[in-house]
Amino acid sequence: MIATTPVARWTWGRDNQAADKVVACLHELLTAYTVLARHRLASDVPNVSLSVHEAGKSNSYLFQGNFELDATSPSVDIAHQLADQVKNSLRPGMIGAVYAYAKSTGMMPGGNGALHGGELFRLGASAFVDYVSTDLVTFSDLWMPYDLKGRAQPAVHAANAPRLAAALRDLAEALGSETDPDDPTYFGKPTETGIDNYFDDGIASDVWSRFEIPYRYNEFTHAPGFGRIGYRRSADGEVQYVPVHGEHGVLGYLWASDTENAASFEPRDVEDDESYTAGLQWLDRLRSAHDRGLSPSQALAELAGLTENNKPGTLDLASLRDIASE
């Protein structure tokens with residue numbers, strides 16, 4: 001199972017006297033990525049996002065960009081090659097902190113011999129003043145004795161936990177720093193060798209239902225920026241709506257209310273990845289429509305392809321949500 005927010009996080013850090021912060025940051029990131037690849041925890045060509053902040057101005061960037069790397073070259077060589085590209089594109093100013101991130105996707109052994117894919121890790125590195133740090137975040141439960149629903153997964157754990165433990169050990173050696181498990185998350189408790197589950201009265205906790213499902217649903221009912229970005233995502237009165245169909249039936253309902261400047265997607269089953277992913281895509285489309293100055297009903301009509309002969313239904317939002325939950 002892959003959660004929306006981190007399941008566990010580990011960090012490494014040490015003093016660094018290198019004059020070139022860009023090289024130092026990229027070297028840490030690529031060194032760590034090489035370790036993950038060696039343990040088959042990263043199987044794709046890394047795409048790196050890098051930002052260079054102006055000294056004394058945290059919101060001022062001297063550079064922001066993405067790079068797809070040649071994974072066959074040594075990390076030191078790549079770090080210097082990328083640093084040269086960055087320096088040729090830098091805005092004038094003194095370099096402050098440098099941050100770099102790479103996502104790791106891959107296929108890991110899951111239950112019943114199946115392979116589970118998706119975003120397994122996010123790797124980050126930073127360099128500032130005379131210090132470099134690296135952090136590794138996982139969104140998956142494949143390394144845990146019990147999955148996020150509290151179900152035992154001995155075969156999955158046996159196949160994947162030793163690889164994570166070995167990677168954490170080798171990361172400490174390669175980065176020259178002890179592995180520092182971060183604070184517990186909603187889903188698990190990171191250790192120096194892996195992740196421990198939560199237990200309630202001796203029974204593994206169903207943290208998926210307790211935290212992941214409410215988090216997912218919250219995205220459809222609360223607009224970002226404390227409700228100030230895009231349309232509102234809740235309404236008290238009637239809304240116009242249309243069903244959204246997927247391969248296996250209705251995924252949810254796209255709705256809008258001009259009266260309350262609100263529009264969103266009401267998923268039928270937020271736990272279903274197809275419905276959840278489709279809903280997020282509709283939220284992105286609604287945000288784009290809002291930014292183009294469309295009213296909620298105009299956005300609904302455009303996105304749903306409504307015509308004079310194909311009009312939306314009308315219902316109060318509470319009743320629509322009841323229908324979606326049936």
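The values are calculated or read from the model by the stated rules, or taken from the named source; none is laboratory data. No experiment lies behind these values; they were computed from the predicted model shown. Backbone-built Cβ (ideal geometry, glycine too); neighbour counts: all protein chains shown. All accessible areas refer to the heavy atoms of the entire protein, side chains included, with ligands and DNA or RNA removed. Shrake-Rupley method; radii C 1.70, N 1.55, O 1.52, S 1.80 Å.
Per-residue answers, yes or no, for (1) open to solvent by 70 Å² or more (accessible area, probe 1.4 Å); (2) modelled with pLDDT of 85 or more; (3) hydroxyl-bearing (Ser, Thr, Tyr); (4) not in a loop (DSSP other than H, G, I, E, B):
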residue: Trp12; (1), (2), (3), (4): no, yes, no, yes
residue: Ala42; (1), (2), (3), (4): no, no, no, no
residue: Ser73; (1), (2), (3), (4): no, no, yes, no
residue: Ala79; (1), (2), (3), (4): no, no, no, yes
residue: Ala83; (1), (2), (3), (4): no, yes, no, yes
residue: Ala102; (1), (2), (3), (4): no, yes, no, yes
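Provide a single number: the residues in segment 145-202 that are small (Gly, Ala, Ser) and surrounded by fewer than 16 Cβ atoms within 10 Å (Cβ to Cβ).
Step one: list which residues in segment 145-202 are small (Gly, Ala, Ser), which gives 150, 152, 155, 158-159, 161, 165-167, 172, 174, 176-177, 188, 194, 202.
Then keep just the ones that are surrounded by fewer than 16 Cβ atoms within 10 Å (Cβ to Cβ); that gives 152, 155, 158, 166, 176, 202.
Final tally of qualifying residues: 6.
Right, Glu260: without any contact (Cβ under 8 Å) to a residue 60 or more places away in the chain, open to solvent by less than 70 Å² (accessible area, probe 1.4 Å) and either within 12 Å of Tyr217 (Cβ to Cβ) or basic (Lys, Arg) (or both) or not? Reasoning before the result, please.
Working: without any contact (Cβ under 8 Å) to a residue 60 or more places away in the chain: yes; open to solvent by less than 70 Å² (accessible area, probe 1.4 Å): yes; either within 12 Å of Tyr217 (Cβ to Cβ) or basic (Lys, Arg) (or both): no.
No.
Out of everything in segment 265-318 that is at pLDDT 95 or above and among the basic types (Lys, Arg), what residue ends up being surrounded by the most Cβ atoms within 10 Å (Cβ to Cβ)?
The extreme case among them is Arg287.
Six or more apart or on different chains, Cβ atoms under 6 Å: show the pairs whose first residue is in segment 303-324 and of a type in the set (Lys, Arg) and whose second is open to solvent by less than 60 Å² (accessible area, probe 1.4 Å).
Close Cβ pairs (under 6 Å, with a partner that is open to solvent by less than 60 Å² (accessible area, probe 1.4 Å)) amount to Arg321/Glu266.
Give segment 149-182 a look and list any residue that's without any contact (Cβ under 8 Å) to a residue 40 or more places away in the chain and either out of contact with any Phe, Trp or Tyr (no Cβ under 8 Å at 6 or more places or on another chain) or of a type in the set (Ser, Thr, Tyr) (or both), or say none. Write out each step before concluding.
Residues of segment 149-182 without any contact (Cβ under 8 Å) to a residue 40 or more places away in the chain: 154, 157-158, 161-162, 165, 169, 173.
Within segment 149-182, Pro154, Ala158, Pro162, Ala165, Arg169, Glu173 qualify.
Could you list, in sequence order, all residues of segment 218-249 that are among the basic types (Lys, Arg) and more than 14 Å from Phe265 (Cα to Cα)?
Pass one, segment 218-249, residues among the basic types (Lys, Arg): 228, 232-233.
Once the filter is applied, which keeps residues that are among the basic types (Lys, Arg) and more than 14 Å from Phe265 (Cα to Cα), segment 218-249 yields only Arg228.
Asp135 is checked against (1) modelled with pLDDT under 90; (2) among the acidic types (Asp, Glu); (3) crowded, with 16+ Cβ neighbours inside 10 Å and fails just one. What number does that condition carry?
(1)
Could you please tell me which pairs satisfy a Cβ distance under 9 Å, a separation of 6+ or placement on different chains, a first residue in segment 209-237 that is in contact (Cβ under 8 Å) with a residue 24 or more places away in the chain, and a second residue that is of a type in the set (Val, Ile, Thr) and part of a helix (DSSP H, G or I)?
Partner pairs satisfying both residue conditions: Arg233/Thr221; Ser234/Thr221.
Right, Arg210: more than 28 Å from Ala304 (Cβ to Cβ) and outside any loop (DSSP other than H, G, I, E, B) or not? Steps first, answer last, please.
On the way: more than 28 Å from Ala304 (Cβ to Cβ): yes; outside any loop (DSSP other than H, G, I, E, B): yes.
Yes.
Given the conditions (1) within 25 Å of the chain's Cα centre (by Cα); (2) assigned to a strand (DSSP E or B); (3) not aliphatic (A, V, I, L, M), report the number of the one that Trp255 does not fulfil.
With respect to (1) within 25 Å of the chain's Cα centre (by Cα); (2) assigned to a strand (DSSP E or B); (3) not aliphatic (A, V, I, L, M), Trp255 is out only on (1).
Give me the residue from segment 213-241 that is assigned to a helix (DSSP H, G or I) and polar (S, T, N, Q) and, out of that set, surrounded by the fewest Cβ atoms within 10 Å (Cβ to Cβ). Before the answer, list the steps.
The first filter runs over segment 213-241 and keeps only residues assigned to a helix (DSSP H, G or I), leaving 213-221.
Adding the requirement that they be polar (S, T, N, Q) leaves 218, 221.
Values: Asn218: 11, Thr221: 13.
Filtering first and then ranking leaves Asn218.
Here are Val270, Val244: which of them is among the aliphatic types (A, V, I, L, M) and in a loop (DSSP other than H, G, I, E, B)?
Details: Val244 fails: in a loop (DSSP other than H, G, I, E, B).
Being among the aliphatic types (A, V, I, L, M) and in a loop (DSSP other than H, G, I, E, B) holds for just one of Val270, Val244, which is Val270.
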